[in-house]
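Colleague: Shown below is the structure under consideration.
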2 protein chains.
Amino acid sequence: MLFQNKTFNVIRKDLDVLEGELIAAVSSHERLITDIGTHLVKSGGKRLRPALFLLAVHTGADFNREKAMPLATALELIHMASLVHDDVIDHADTRRGTPTANYKWGNQTAVLSGDYIFAKAFSLVAEEGYGDKVAAILAGLICDLSIGEIIQNREVYKASCDIPEYYERIARKTANFLAACCELGALVAGLEQRYIDALKTYGYDIGMAFQITDDLLDITSDKKTIGKPAGNDIHEGIVTLPVIRALETSPDSDELRTIVTNRDMTMDDVKRAIDIVKASDGIMMAKRKASEYIADAKAALPDDMSEKIANSYIRIADYIADRKS
Amino acid sequence: MLFQNKTFNVIRKDLDVLEGELIAAVSSHERLITDIGTHLVKSGGKRLRPALFLLAVHTGADFNREKAMPLATALELIHMASLVHDDVIDHADTRRGTPTANYKWGNQTAVLSGDYIFAKAFSLVAEEGYGDKVAAILAGLICDLSIGEIIQNREVYKASCDIPEYYERIARKTANFLAACCELGALVAGLEQRYIDALKTYGYDIGMAFQITDDLLDITSDKKTIGKPAGNDIHEGIVTLPVIRALETSPDSDELRTIVTNRDMTMDDVKRAIDIVKASDGIMMAKRKASEYIADAKAALPDDMSEKIANSYIRIADYIADRKS
């Protein structure tokens, strides 16, 4: 558990409070909403988005937990709602080892619960009164999330080797969201523009590294570690950086292309595709790219930041590139 | 076409401008978003929600179209996004005689486009800077919409005879949305609280009448008129006011209950159910209830409202109860 480390003492109490706020936010007089929301909150997650936001708020001089909490909650709710819709789209039965909302309550209720949770996030933010700029950033990040998923969805089983499009897709899916968390924290803390820009860049860079690492783990890890079978992306027709690289450089690229464009691929095909990618320089290239983003993220941190806060940012960055699940 | 009548000269130009604003709002550098959005806008609709909003803005002294338009656009976008998700949920192939987004682009892209359009609505509102109160009302109405659909979805094929629950469901699905359109218009126009409350009540009442009439048309109309086969609600297991009434008062209520609780009902079963409802006092009772709401709506209008504006409100109310499609 990343945030259990004592480097994160600065936000430990906030993250404890957050769990209660999340449960409160999904509690409704309509019991089905409460049941689904509570299930989602209790299914866990790293809480990376609110943690980044809270750390950015702590970067300012006068931390005010009451003021920060509704937006921290909203950021995790938006992430949660997007996962609920992703699971409907992917027909996923489990996430992080627990049953998905669509598996437990059906697609219809899952789509509607996702809509409810998105709207609830905006409710919390509007009621606290952060102003239109904060609301605009939140709305923009959901637009980005949806576009990222639409691009991904449009390209399945096409073995598209367009690396700039891969980066655009993961920026929209992940990096812009983490950038927004840092930016929002800096805004709420009233930091000067130089800090806002720096933290936004940091968030973007670790977001890119995070998604590249996620895509790598899909190939190099196993069901026990990541809660879904290895090669899940390949099976769903999604080609990620290591696969795109292997399609360009592997001597077996034709065979790889035949597999990843086949909607009826078997699990043996997936295993063979993984072997081809692992034998290529795709894994190494993606790892190097993730490391570059991590280095950029650290370099973006302002020199005059307090050591305590800077250490937390650096630790998060290191965790993101090194994580095994 | 309701708003072609000369009573609505006051908002005619606004509604013309709205069509362009809707197209602009769904235009994205991601072509799939533009294609889906344009298809949805061109599929038409009554534009009842922005019309109510705009009429309420005109109720004030100084109408400012530039200020009003982003919120008018956002209200129609929210309605549009909710229909996109409804069509995914109902597996609907057509709406108003044109193919649905899920039919043309698949469920996955339809869910994501709905998310995008919801978020785009919040973007427009935040960028114009209406403030947190407006954003809170918008977020609240999406929460209501989702809860209304979740309640409906939970109760399918149960022949639930709970009339208060029927009213709660249609309030959340429809009436609270129309109430919010009127309230938001009154807020943007800077009207005094007495006017805001009156217009909100008017919107709620016509919303209740609107949904009851919709539910009636599902039983009394035909595919040619309403663009879907009669008895569509019954077929999907949704019992509406005339059916609930017939379940209570018809001598054939046992037969009706057997049909409406059967997930495998045939189209002949649906026809028989319609005949039972038509032979009961269910239609008359629902019509009376809709008329009562229309009368309440008109009575809610402030006495000192300008005759021109009042006539538009009255004409909308009359249209809602009398409409045939």
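The values are calculated or read from the model by the stated rules, or taken from the named source; none is laboratory data. From a predicted model like this one, the values you see are computed outputs, not experimental measurements. Every residue, glycine among them, receives a Cβ derived from its backbone with ideal geometry; neighbour counts consider all protein chains shown.
Colleague: For B:G97, indicate whether it is of a type outside the set (K, R), touching a Gly at 6+ places or on another chain (Cβ under 9 Å), farther than 30 Å from B:I151 by Cβ and at pLDDT below 95.
Modeller: Answer is no for this residue.
Colleague: Going by the conditions given, is B:L184 within 11 Å of chain A (Cβ to nearest Cβ), out of contact with any strand residue (DSSP E or B) (no Cβ under 8 Å at 6 or more places or on another chain) and assigned to a helix (DSSP H, G or I)?
Modeller: no
Colleague: When the residues of the range B:194-230 are narrowed to those that are modelled with pLDDT under 90 and assigned to a helix (DSSP H, G or I), which ends up surrounded by the most Cβ atoms within 10 Å (Cβ to Cβ)?
Modeller: B:I226
Colleague: Could you look through the range B:154-193, keep only residues that are surrounded by 21 or more Cβ atoms within 10 Å (Cβ to Cβ) and aromatic (F, W, Y), and pick out the one that is nearest to B:G140 (Cα to Cα)?
Modeller: Out of the qualifying residues, it is B:F177.
Colleague: Could you grab me the full set of residues in the range B:66-85 that are surrounded by fewer than 21 Cβ atoms within 10 Å (Cβ to Cβ) and more than 22 Å from B:G20 (Cβ to Cβ)?
Modeller: none
Colleague: Output yes when any residue across the range A:160-178 is of a type in the set (A, V, I, L, M), in contact with a helix residue (DSSP H, G or I) (Cβ under 6 Å, 6 or more places away or on another chain) and closer than 13 Å to A:L75 by Cα, and no when none is.
Modeller: Checked the range A:160-178: at least one residue is of a type in the set (A, V, I, L, M), in contact with a helix residue (DSSP H, G or I) (Cβ under 6 Å, 6 or more places away or on another chain) and closer than 13 Å to A:L75 by Cα.
Colleague: Could I ask something else about it? Restricting the search to the range A:231-250, which residues are crowded, with 18+ Cβ neighbours inside 10 Å, modelled with pLDDT of 95 or more and in contact with a Ser or Thr (Cβ under 7 Å, 6 or more places away or on another chain)?
Modeller: Those that are crowded, with 18+ Cβ neighbours inside 10 Å, modelled with pLDDT of 95 or more and in contact with a Ser or Thr (Cβ under 7 Å, 6 or more places away or on another chain): A:V239, A:R245, A:A246, A:L247, A:S250.
Colleague: All but one of (1) touching a residue at least 40 places away in the same chain (Cβ under 8 Å); (2) surrounded by fewer than 19 Cβ atoms within 10 Å (Cβ to Cβ) hold for A:T59, so report the exception by its number.
Modeller: (2) is the only condition that A:T59 fails.
Colleague: Would you tally the residues in the range A:139-156 being more than 7 Å from chain B (Cβ to nearest Cβ) and either aliphatic (A, V, I, L, M) or part of a helix (DSSP H, G or I) (or both)?
Modeller: 6
Colleague: Looking at A:E165, is it among the charged types (D, E, K, R) and within 8 Å of chain B (Cβ to nearest Cβ)? Reasoning before the result, please.
Modeller: On the way: among the charged types (D, E, K, R): yes; within 8 Å of chain B (Cβ to nearest Cβ): no.
Criteria not met by A:E165.
Colleague: Further question: Which of the residues spanning the range A:48-105 are charged (D, E, K, R) and in contact with a Pro (Cβ under 8 Å, 6 or more places away or on another chain)?
Modeller: A:E76, A:D93
Colleague: Taking A:S160 as the residue in question, decide whether it is in a helix (DSSP H, G or I) and either at the interface with chain B (Cβ under 7 Å from one of its Cβ atoms) or within 22 Å of A:R257 (Cα to Cα) (or both).
Modeller: The answer is no for A:S160.
Colleague: Let me ask something additional. Need at least 3 residues that are within 14 Å of chain A (Cβ to nearest Cβ) per element, so show me which helices (runs of 4 or more DSSP H) inside the range B:1-110 make the cut, counting only ones lying wholly within it. Full working, then the answer.
Modeller: On the way: elements: B:9-25, B:31-42, B:48-58, B:65-89, B:101-105.
Because the criterion is at least 3 residues that are within 14 Å of chain A (Cβ to nearest Cβ), the helices (runs of 4 or more DSSP H) in the range B:1-110 that meet it are B:31-42, B:65-89, B:101-105.
Colleague: Quick one: A:A126 ticks every box in (1) more than 7 Å from every other protein chain (Cβ to nearest Cβ); (2) more than 16 Å from the chain's Cα centre (by Cα); (3) among the small types (G, A, S); (4) buried (at least 23 other Cβ atoms within 10 Å of the Cβ) bar one, so which box is it?
Modeller: Going through the list (1) more than 7 Å from every other protein chain (Cβ to nearest Cβ); (2) more than 16 Å from the chain's Cα centre (by Cα); (3) among the small types (G, A, S); (4) buried (at least 23 other Cβ atoms within 10 Å of the Cβ), A:A126 breaks only (1).
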